[in-house]
Amino acid sequence: MQKKSNLATGNGQPVFAEPLHVGRPNVGDEAEFLALAQQLLRRRWLTNNGPLVQELESKIASLHGVKHCVAMSNGTIALEIAIRALGLSGEVIVPSYTFVATAHALFWQGITPVFADIDPATHNLDPSAVQRMITPRTTGIIGVHLWGRPAPVQALQRIADENGLQLMYDSAHAFSCSVDGTSIGGFGRCEVLSFHATKVYNTFEGGAVLTNEDNLAETMRLMRNFGFAGFDNVVHPGTNGKMPEINAAMGLVNLRSLSDFIAKNQRNYEHYTRLLSPNDDIRVVRFDAENKPNYQYVVVEVDPSIRDRVVSGLNAQNILARKYFWPGAHRMKPYRDLFPHAELLLPATRYIADRVIILPTGMSMNDDDVRCVAEVLSELVSRCKST
Ligand code: T4K
């Protein structure tokens, strides 16, 4: 196993002296950020729809080719507000194979998330499974563009239209991605972004809803600020979903480096793919260039009989790979109590959740790091297969 300068050298030491994290934040020009931070401090305007938030909203809307970007304090509150603004109730169909926030955003507001299975080839919702989960109580569907790979937008829209259901997207992974040449942001009635620190593009914490509907955008702007329409004038139920100015400052700075972040992710992904593809026991999940992937997740599948041992072996070498999104939301509380037999309807979710390993990528990884992680992974897979 090759060692390099930042790697531990002594016997029995992890291969990497410093941990390699999945989700290590990408940070743009620090001096620019500090200058913006100083400006906003001197302006004494720290939050409540400040000028930096408005500038960020306009830039993100134009990047995604949509009329409105409504910035929020995080992706989860953005999901909750979008769900409420659409008037969803009763049951809403979601994948189980997603970050648990997709389901929580419904359950938190007394709506039942109903889990539909995925297509094991794409890791995204299987439209025929969605169709099967519709009941008289269903009011909507939330598609997820998992790993930034587009959900089956046309089939989901058809199902929604034929059954009188609302359709929206959790696009937390899909910042700046597109679907067959059309940017994400305008599919369904709205799409929700996350700008969490671990995402390809971050504002420390943050999120937004993208939509082309004027009334919907206006409602969500009211909802994120307690329903205020001017001083002392509350015209709508609301909560506090506002993005602070310091987050928008980070967002504006990181937007300038977005193409560098994505180019680096793409380089890492292609490097991993070249190194790992010859190994028949490791499947690298592929991205289609025409969908403008942001490559923020490097996703591999291995045999379920060895997956956990491989992840433990990687962790022992300070490669903090993750098992996203094991075991699936349906096997987490409160959903496993609510739907103890959900597993029977989610065979592909189980199949994929038991196989996936997410490898570290992002600006903090250099070519040697990628090569070394690939070597450690290949060795571990061979060793675990033979024992
Ligand atoms: N929908 C989907 C499909 C999502 O993936 C998410 C978020 C949401 C909705 C909700 O959006 P937000 O409300 O979060 O905006 C992490 C993130 O916390 C979460 O935002 C993200 N998805 C999810 C996929 O990943 P955890 O539980 O894995 O976080 P944690 O603390 O284990 O950190 C992940 C890795 O990142 C670790 O290896 C450590 C590293 N890290 C993390 C932070 C915060 C750093 O190196 N530096 C940091 O500052 O959920």
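The values are calculated or read from the model by the stated rules, or taken from the named source; none is laboratory data. None of these values were measured; they are calculated from a predicted model. Cβ coordinates were reconstructed from backbone atoms using ideal geometry, including for glycine residues, and neighbour counts include every protein chain displayed. Heads up: the accessible areas ignore ligands, DNA and RNA and are worked out on the full protein's heavy atoms, side chains in. Shrake-Rupley method; radii C 1.70, N 1.55, O 1.52, S 1.80 Å.
Before moving on, here are some points about what is shown:
- Residue tally, condition touching a Leu at 6+ places or on another chain (Cβ under 7 Å) and away from the ligand (no atom under 15 Å from the Cβ), over segment 299-329: 3
- Any hit, segment 49-57, residues being within 20 Å of residue 343 (Cβ to Cβ) and buried (at least 18 other Cβ atoms within 10 Å of the Cβ): no
Conditions (1) of a type in the set (Ser, Thr, Tyr); (2) in contact with a helix residue (DSSP H, G or I) (Cβ under 7 Å, 6 or more places away or on another chain); (3) assigned to a loop (DSSP other than H, G, I, E, B); (4) open to solvent by less than 10 Å² (accessible area, probe 1.4 Å), marked per residue:
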residue: 158; (1), (2), (3), (4): no, no, no, no
residue: 167; (1), (2), (3), (4): no, yes, no, yes
residue: 172; (1), (2), (3), (4): no, yes, yes, no
residue: 202; (1), (2), (3), (4): no, yes, yes, yes
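- Residue count for segment 163-183 under the criterion of being free of Cβ contacts under 8 Å to residues at least 24 places away in the same chain and touching a Lys or Arg at 6+ places or on another chain (Cβ under 9 Å): the result is 0.
- Taken over segment 44-98, the criterion of being of a type in the set (Ser, Thr, Tyr), within 17 Å of residue 204 (Cα to Cα) and more than 16 Å from the ligand (Cβ to nearest atom) is satisfied by 47 alone.
- Count - residues of segment 106-141 that are within 12 Å of the ligand (Cβ to nearest atom) and touching a residue at least 60 places away in the same chain (Cβ under 8 Å): 1
- Counting only residues that are part of a loop (DSSP other than H, G, I, E, B) and under 21 Å from the mean Cα position of the chain (by Cα), segment 110-139 holds 8 of them.
- The residue that is surrounded by the fewest Cβ atoms within 10 Å (Cβ to Cβ), among those in segment 182-199 that are among the hydroxyl-bearing types (Ser, Thr, Tyr) and touching a His at 6+ places or on another chain (Cβ under 9 Å), is 198.
- Residues (farther than 14 Å from residue 77 by Cα, open to solvent by less than 60 Å² (accessible area, probe 1.4 Å) and touching a Lys or Arg at 6+ places or on another chain (Cβ under 9 Å)) located in segment 230-268: 245, 251, 252, 255, 262
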